[in-house]
Amino acid sequence: VVPRLLTVAGSDSGGGAGIQADLKTFAALGAYGMVAVTAVTAQTTDAVHAVHEVPAALVRRQIETAFGDIGVDAVKTGMLGSAETVVAIAEALAGTGVPLVVDPVLAASNDTRLLPLASERPLVERLFPLATVVTPNRTEARALTGMDLEGGALAEAVQALGSAVAVVTGGAEDGIDWYCDGERTEPIAGPLAHGTATHGTGCTHAAALAVFLVRGHLPLEAARLARELVAQAILDGLSELGRGPGPVDALGLRARGVAPPPYSPDPANT
Ligand code: PXL
């Protein structure tokens, strides 16, 4: 059986982050992907130029139709939108009982806000209690807890906000992610991926973690496997694309040798 994954997230017109990163990650791991689009963004690799939010009722209908027809084995959330949308998502997911990975996207890597300030409370109060795992990076973890903590203490403070497990990612700093399930607190270390193609790392990490949960891995092992997948996706990243940090590539397109030969215009058409 093919795992059925639903991502509730924004569209990155550049194809590197958001639902595009999620669908690529699902495909790379042999899972079937569905989407509930929360926002449409126009962005380059170095900046978010425009955002248009999808109405809360339409986000809810996308979630309900996924569950009602194809069925959903796990959900991943990313960029969300207004407080009304966050509440609608929480209501649609409550009672479904499927594993839920919440990536609390507050800002893009270039610091553009992607979540309105007024949505932070419903995100923590309504969505975190439903989450199997939440996956903030360190900046997001400090913003959400309001505490200037490090390492395991930061993961413990995030987990205390209400999710079963917190995994605070640290790839951009020292490569160490911190896991906390309320009883155990563990570092998740691994090789530092020295690469500049880092656009989409957070989305790719959370999407991979959700697939590994469906495959039956416990959250700690799923977080280890997701960290490894992201490191590889950075090494495979398409650093030559765009002016800013290039997109990660969970599909390993270059390594698989499927890139077409360099484009040369047909003289007959010029
Ligand atoms: O990685 C955060 C993120 C999430 N969702 C969308 C994004 C980004 C970062 O650029 O564009 C749609």
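Points to keep in mind about this one:
- Å² of accessible area per residue within the range 168-259, as computed with a 1.4 Å probe and no ligands counted: 47 Å²
- Note on the chain: with neighbouring protein chains present and a 1.4 Å probe, carbon and sulfur make up 56 percent of its accessible heavy-atom surface.
- In this structure the amide hydrogen of residue 199, modeled in the peptide plane, comes within under 5 Å of the amide hydrogens of 246, 248, none closer than 5 places in sequence on its chain.
- Rounded to 10°, Cα long-axis angle of helix 219-235 versus longest principal axis of the chain: 20 degrees
- Spin-label model distance (nm) - residue 196 vs residue 256, 7 Å beyond Cα toward Cβ: 2.6 nm
- Amide H to amide H distances under 5 Å link residue 36 with 7, 8, 9, where only residues 5 or more positions off or on other chains count and H is placed in the peptide plane.
- With DNA, RNA and ligands ignored, accessible area of residue 239 (1.4 Å probe; Å², nearest 10): 60 Å²
- For residue 212, the shell of other residues with beta-carbons less than 13 Å away shows a net charge of +1, using +1 for Lys and Arg and -1 for Asp and Glu.
- Nearest 10 degrees, 0 to 90: helix 18-28 Cα axis against the chain principal axis: 80 degrees
- In Hz, Karplus ³J(HN,Hα) per residue of the range 237-243 (6.51, -1.76, 1.60; θ = phi - 60°; x = Gly, Pro): x, 9, 5, 7, 8, x, 7
- Accessible surface, 1.4 Å probe, highest first, among residues 199, 49: 49, 199
- Taking GluC sites (Glu not before Pro) as exposed when their DSSP state is a loop state and no more than 10 other Cβ atoms lie within 10 Å, the longest site-free interval of the chain runs over 1-182.
- Longest stretch of the chain clear of exposed loop sites (trypsin sites (Lys or Arg not before Pro), DSSP loop, at most 12 other Cβ atoms within 10 Å, sites excluded): 1-183.
- Inter-part distance where the range 206-228 and the range 46-107 are each reduced to a Cα centre, Å: 20 Å
- Extending 7 Å from Cα along the Cβ direction at residue 218 and again at residue 42 yields two label points whose distance is 4.9 nm.
- Counting charges near residue 131 (Lys, Arg +1; Asp, Glu -1) among other residues having Cβ under 11 Å from its Cβ returns a value of +1.
- With θ taken as phi - 60° and the Karplus curve 6.51 cos²θ - 1.76 cosθ + 1.60 applied, the whole-hertz 3J(HN,Hα) list for the range 120-131 is 5, 5, x, 4, 6, 7, 9, 8, 4, x, 8, 7 Hz, x standing for glycine and proline.
- In the distance distribution for the chain, Cα-Cα pairs more than 29 Å apart total 26 percent.
- Each label point was placed 7 Å from the Cα along the Cα-to-Cβ direction; for residue 52 and residue 70 their separation is 2.4 nm.
- ³J(HN,Hα), Karplus 6.51/-1.76/1.60, whole Hz, each residue of the range 65-77, x for Gly, Pro: 5, 4, 5, x, 10, 6, x, 9, 8, 6, 10, 10, 10
- Neighbours of residue 252 by Cβ distance under 11 Å: Lys/Arg scored +1, Asp/Glu scored -1, total +1.
- Ellipticity at 222 nm from helices only: DSSP H runs of n ≥ 4 in the chain, each -39500 (n - 2.57), divided by the residue count, give -9500 deg cm²/dmol.
The values are calculated or read from the model by the stated rules, or taken from the named source; none is laboratory data. Everything numeric here is computed off the predicted structure, so don't read it as measured data. No Cβ is skipped: glycine too gets one built from the backbone with ideal geometry, and neighbour counts run over all protein chains shown. Areas reflect the complete protein model, heavy atoms only, side chains present, ligands, DNA and RNA absent. Shrake-Rupley method; radii C 1.70, N 1.55, O 1.52, S 1.80 Å.
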